[in-house]
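Structure record follows, encoded as structure tokens.
Every number in this text was worked out from the coordinates using simple rules, so none of it is lab data. Computed from a predicted structure; not experimentally measured. Quick reminder, even Gly has a Cβ in these numbers, built from the backbone with ideal geometry, and neighbours come from all protein chains shown.
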Amino acid sequence: MRILAAALAVAATLTTTAAAWEPEQPPSSLSVKVRPGTSHGTGRLTPIAGADKLVAPIGVDPACPARIDIGLRSDAKKATYATMQVEIDPPLTASRSMLTSYLPPGYELGAKLLVAVPPDIKQGTYGLRLRTPAQTLKVPVEVVPVDGLDNGGNLALRRPVTASSQHTNANYPPCSVADGDRSSNGWAGGNGWNDATARAWPDTIAIGLGGARQVSRVDLYTLDTERYPASRHGLRDWDVQAQVGGQWQTVAQVRGNTAGTVRSDFAPVTADAVRIVALASNGANDYTRIIEVEAR
């Protein structure tokens, strides 16, 4: 048992090979996780993916690539080193070319795969293949312009983002507030924006809407996890603004917030951008921490 525990500890941190690519991603985006499960008894290594396809938009900030969960499950009868090759059609590039780990029967290995889309790529369907010695899982990658995304009514999805500053001690890209991921679980690993000016206000983050759009609602998701609850680390006070006829107008205000999610409704306006003007956060370490902004 001591040997098994030691092997799993090593596997969780050291047994993955990442392909060279740009931009460089932080370790938290490339880490792998080993988790227990139940063997299906096939005797094979089975590739798995978190979705049956990946939609990757063209022309977005390269700091916010498309993402998909990938992994493999060991259905072997004995513990073994399990390896899966990751292949993707050029000119797409992926953050890793392999997953490998020591796995007991039934255990699964999981990781995030980041897929970079060149700005001059042609729209179409490209191939992503997850290969084990006995099986290949094919996941189509649909490359589409931002206007071709199914945004579910969220006008801000994958649109250009500009921020007043960006903290440099971890991966807090401004573009991540418009990537469609509302979860705080990827904090400091590419999902969520943190400004660079502690206890200095205001901070601003603006999202273009790709043209004049009617907007009557903005939802804001601030940092909120068990370790970092919104009541101690989330955004407390802010103004919601819309750019109408080239001028910023305040359309809603939030004060004294302690929740992870806040919906702001207002009279419809025709705007080509929305902006959050952050005025204060909860807790002594007053930074602006925003996970996602949606405009409807």
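A few remarks follow.
- Listed residues Ser101, Asn171, Ile205: farthest to the positive end of the dipole of the chain (Cβ charges): Ser101
- Translational diffusion coefficient (Stokes-Einstein; Kirkwood radius from C-alpha pairs) of the stretch 161-295 at 20 °C, 1.002 mPa s, in µm²/s: 147 µm²/s
- Around the Cα centre of the chain, unit charges on the Cβ atoms of Lys, Arg, Asp and Glu (plus for the first two, minus for the last two) sum to a dipole of about 980 debye.
- Counting only residues at least eight positions apart within a chain, or on another chain, the lysines with an alpha carbon under 20 Å from that of Lys138 are Lys53, Lys112.
- Distance from the stretch 156-216 to the stretch 59-106 (C-alpha centre basis), Å: 28 Å
- Dimensionless Rg over Rh [the chain; C-alpha; Kirkwood]: 1.03
- Summing charges over neighbours of Asn257, with a neighbour being any other residue whose Cβ is under 13 Å away from its Cβ, gives +1 when K and R count +1 and D and E count -1.
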